[in-house]
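The values are calculated or read from the model by the stated rules, or taken from the named source; none is laboratory data. Keep in mind that what you see is a predicted model, and the values were worked out from it rather than measured. Cβ: placed from backbone, ideal geometry, glycine included. Neighbour counts: every protein chain shown. Ligands, DNA and RNA are excluded from the accessible area calculation, which covers all protein heavy atoms including side chains. Shrake-Rupley method; radii C 1.70, N 1.55, O 1.52, S 1.80 Å.
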Amino acid sequence: MAHTRRLRHDDGSFELPEPIRHHILSFLKPKESAKLSLLSKGWLTTWRTRPNLHFEYDEDESGSDDRQALERRRDSFINCINTTLMRYRENKYGIDSLKLMVYNEDFPSLKPDHVKTWLGIAAENGVKGLEISLKCDSYHPKLARTIFEATSLVELYLSEKIYMKHKMIKIIRCHDLRKLCLNKVGLDEVMLQRIMSSCPSIEFLEIIQCLGIENIEVTKLQKLKQCSIVLWKIGNVEVEAPNLEDFSYGTCVPAMPASYLLSEEEEQPLPCLQVSRCKNLRKLSLDNIGITDEFFSGIAEDFQHLEELKIRYCYGLQTVRISSQSIKLINLEFRKEGGLKEAQIDVPSIVRFEYRGNFIPLLSFAPPSGPWVSYIELSWQNRNILETSCFSELKELLMKLNLSEISLRIIFPKNVEGFVEDQIRNKAIYPLPQVQTLSISFDKANCLDVAYSVLDGIFWTCRPKTIVQHSCQDLDSHKDASDLLNVFFQMLMLRRNHLYGNFQQTKFWQEDLKDVKLGMFKEGQRVQLPRLSDWEAFSKVITAEGRSLYVVFELEWEYFMIR
């Protein structure tokens with residue numbers, strides 16, 4: 001009881017220990033933490049001695065065009081940082097982290113000497129984490145020397161208008177650096193190699209769109225666990241890290257069209273990507289780079305613990321074979337010009353397969369050892385005419401995935417001229433693959449005149465258990481979503497109703513469709529629906545429930561493929 005009384009104020013409230021209050025402030029934005037300091041003298045003292053400092057300037061938030069008012073606001077921002085850091089220097093308050101974020105491109109009153117002084121004080125007071133992001137166009141600070149002299153530094157994040165050239169830095173003292181993130185900074189390859197040589201304890205490395213970097217060699221970081229590289233243009237990358245667990249590499253340039261690879265004279269050289277001695281690699285992601293089929297030939301031996309493989313918009317691939325005992329997730333995403341024709345997948349431990357693209361390559365799967373799910377997303381937005389071959393290829397793919405629980409999403413074009421139904425007969429050819437969830441999107445209302453034919457094509461291809469329409473939350477403002485739901489409602493819910501005759505004649509799939517149940521979900525909870533007899537009543541229910549819901553048509557079929 002005595003200890004409790006020492007923590008209790010006269011008004012009956014309890015005083016939290018200062019380390020806990022510091023911890024609470026670390027989760028708040030600068031304005032929120034400043035407001036909290038007004039609660040009591042104790043909170044004011046906590047705020048004035050907080051070890052995590054965050055200074056953020058965004059002129060767009062002011063909402064003022066008054067030039068003098070903006071200048072006063074800028075001066076106030078600089079004076080606030082000066083006053084705060086001088087107090088920390090005089091009282092020797094420890095600084096765990098310092099964040100300086102300036103989003104304004106025009107800030108002439110912010111001088112390089114200001115930031116250099118602030119970083120110097122932070123280094124003197126034992127700063128462990130620095131996050132500096134400066135977007136000022138008129139600001140070209142030579143801050144690298146001050147930053148890398150901070151011996152206590154453990155985490156460093158630099159972004160935007162910061163330039164680091166090897167001639168500017170003679171000594172690097174932050175040998176205990178564990179996390180390094182460089183985003184759109186000016187950096188040459190010599191400087192990058194010097195940093196990695198001087199900071200062998202780096203565990204997390206991120207190099208994103210840095211000017212001056214075309215080739216990267218990461219071979220001296222024995223403790224590296226996670227590495228992410230995004231280059232402005234295609235370059236050579238070599239990674240050798242025995243403890244690396246997560247590696248991603250991509251570029252900002254568009255994927256090279258297949259037409260560039262037609263002849264030796266026109267063929268563009270593929271960049272060199274070498275990932276070796278990474279026995280602990282568990283996640284590999286390649287985005288918008290050139291690789292060859294041979295890259296996957298030794299994947300099982302080179303990455304014996306690989307669990308996730310993601311390949312997005314990579315060119316140079318023709319026929320690949322992915323064979324691995326450890327992979328559990330495969331994510332493929334390609335455009336037609338990417339060149340991929342065939343993928344043979346032999347991964348018995350797979351639990352999830354994903355494919356996104358505007359075409360369907362030839363895919364084959366070895367039987368997995370356990371249950372798995374698949375997600376297919378097709379963007380047919382570049383097709384003005386939907387031919388029956390589209391649905392034939394889709395059906396073939398779904399047949400190969402039928403041992404998995406399939407989710408299918410199809411995005412149809414903006415301007416569909418028609419739909420060719422020459423091979424779709426009056427009844428489906430069994431067996432048909434079963435799809436767990438189906439989602440359909442039309443970009444424009446002028447597609448809706450072929451929506452009925454499109455649904456015929458889908459039902460000719462597969463038997464979906466549920467059709468999920470998340471777009472219904474936009475019914476109030478998007479007529480397209482409302483019209484598409486109207487199509488589903490009329491075709492499915494009223495298929496035996498005389499009103500159906502106003503739309504189309506009886507379809508082959510109606511004989512197989514035993515029952516349809518309509519469900520609506522709001523914030524993950526099913527909404528109780530009254531008995532609905534027409535579209536007008538249904539749309540009123542949706543409008544009354546608000547916009548945070550989606551509609552599910554639950555279909556019960558007479559026939560489908562038996563697994």
Once the Cα gyration tensor of the range 165-233 is found, what semi-axes does its equivalent ellipsoid get, as square roots of 5 times the eigenvalues, in whole Å, sorted largest first?
17, 15, 10
Suppose each label sits 7 Å from its Cα in the direction of the beta carbon; what would the residue 342-residue 304 distance come out to in nanometres?
3.1
Counting only the heavy atoms of the protein chains, how much of residue 173 is accessible to a 1.4 Å probe, in Å² to the nearest 10?
110
Packing rank of 180-189, 69-78, where each peptide gets the mean count of other beta carbons within 10 Å, highest leading:
180-189, 69-78
Distance cut-off 15 Å, percentage of C-alpha pairs in the range 85-135 lying past it
48
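From the Cα gyration tensor of the range 274-364, with a ≥ b ≥ c the square roots of its eigenvalues, which class applies: rounded if a/c is under 1.5, or else prolate if a/b is larger than b/c, or else oblate?
Details: a/c = 1.78, a/b = 1.41, b/c = 1.27.
Because a/c hits 1.5 or more and a/b exceeds b/c, the range 274-364 counts as prolate.
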Report the dimensions of the range 86-171 along its three principal axes from the alpha-carbon atoms, largest first, rounded to Å.
34, 29, 19
Taking the Cα-to-Cβ direction at residue 206 and at residue 292 and moving 7 Å from each Cα, how far apart do the two end points lie in nm?
3.4
